[in-house]
1. Considering only residues that are open to solvent by less than 60 Å² (accessible area, probe 1.4 Å) and facing another protein chain (nearest Cβ under 10 Å), look in region B:22-35 and name the one that is nearest to B:Gln4 (Cα to Cα).
2. Which numbered condition in (1) in contact with an Asp or Glu (Cβ under 8 Å, 6 or more places away or on another chain); (2) at the interface with another protein chain (Cβ under 7 Å from one of its Cβ atoms); (3) under 30 Å from B:Asp183 (Cβ atoms) is the only one that B:Arg65 fails?
3. What number of residues in region A:19-31 are surrounded by fewer than 19 Cβ atoms within 10 Å (Cβ to Cβ) and more than 10 Å from every other protein chain (Cβ to nearest Cβ)?
4. Could you please find all residues in region B:1-47 being more than 18 Å from A:Leu191 (Cβ to Cβ), in contact (Cβ under 8 Å) with a residue 12 or more places away in the chain and aliphatic (A, V, I, L, M)?
5. Can you confirm whether A:Ile194 is farther than 21 Å from B:Ile36 by Cβ and more than 10 Å from chain B (Cβ to nearest Cβ)?
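The values are calculated or read from the model by the stated rules, or taken from the named source; none is laboratory data. Everything numeric in this text was worked out from a predicted model, so none of it was measured. Cβ placement follows ideal geometry from the backbone for every residue including glycine, while neighbour counts extend to all protein chains displayed. Accessible surface is based on the protein model in full, side chains and every heavy atom, while ligands, DNA and RNA are left aside. Shrake-Rupley method; radii C 1.70, N 1.55, O 1.52, S 1.80 Å.
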Amino acid sequence: MARPRRSAEGEIPEAEAIRRAQGGDPDAFERLYRLHSRRVYSVVLRMVGNPAEAEDLTQEAFLQLFRKIHTFRGDAAFSTWLHRLSVNVVLMRLRKKTLPQTSLDEPADAEDESSGPKRDVGAEDPLIEGSLDRVRLERALVELPPGYRMVFLLHDVQGYEHNEIARIMDCSIGNSKSQLHKARTRLREILQDIERDRARQQRLEASEKTGSRE
Amino acid sequence: MQCQEFDRYATQWMEGERAPEAAEHFQACARCSTKIADLELIASAAATLPELDPPASLWISLHARLEEEGLLRTRRSLGERLREYFPAPPRTALATATIGALAALLLFIPQSPEPGISMDGGGSPSTWSFARVHDQLASAEAEAKRDVRLRDPEVVASYHQNLAMVDNLIGECQRKVNEDPNDELARQYLVTAYQQKTDLLSALSERDALGD
């Protein structure tokens, strides 16, 4: 359960907490949870978009972590291991919801082209600069395919490197880079669509105002 | 280099690689340079997205699952754990009378509720006890604010931080008990949260008596 935390300098270091948690020390479990729960919950919530489901999946990820913690040998970063568990938990849930799914190491372009936003050929790309804020970005993120979204969240939001993402997602480094680029490109398209809609709406409102004056 | 080719190179470009032919295309092509600017904008906006706080109830339910599965060794007492935050010798100083009364009250709060108990409704013994504890805590806190003079700024900061966390937990548990007065786990956590606050105020008064 939650409890007051000691000041940063008085808190047990992660490696010590891992060692103690392997022996079943309840305080060490809690320490590890406090260290990592925000990052895990943030990724999970942005993946599933539903707080109750995110809570459930975060709990599942930590349960799996604590069940297996005695097997952790420190050959990978603890957070990478934990995120790998979290990613598996989330992707499993999403796969159950949306079958058939695409492997991360398969080219997803064909599926993406069909599911992506439709644009007028030759239409000018609206600028997203000036219209991009965090709320819009969060909204656009929801529309990304799960594989892209996960890589984007891990790299651009959480700050993981491609070699870490490759370990977390069990894919190649090249694949992680390629997925990230596709994710950013798709986000740009989604944001441009939002911008087009906004401009169209403004024009409509302006013409309605003009019409009502006449 | 053509736009399509540059597009395939964009990942490397974004990572700082600058092949001469790509740089030449980038300089000459407004479409590609605008696209790269947008992608960089998206990446930098993403880095500012905040981390999100899980609800306090998440640890409560996770802890319950860990206990159910027998993954936890027996916990040390709350007093022992709280002493880590405010290390002080065993209680040589007397806690205030209010804190003593609180500790006594906490002993008598039923862990299992009567049916239909509400935090705000009157009448039942456990409702009465929770309300009494709440009032006693409020006056103990007021006493501590009035009487205790801590000098070490680190201790003061740590006290405020811990108090805020315990208050949050109490609020969370109270909401849960209000939603479902028969939720035994929530009631136990509420009692424990009250106990934490009592111990915190008690440790504070000891600290004060010992000269910070």
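1. B:Lys35
2. Failed condition: (1).
3. Selection size over region A:19-31: 2.
4. B:Met1, B:Ala22
5. no
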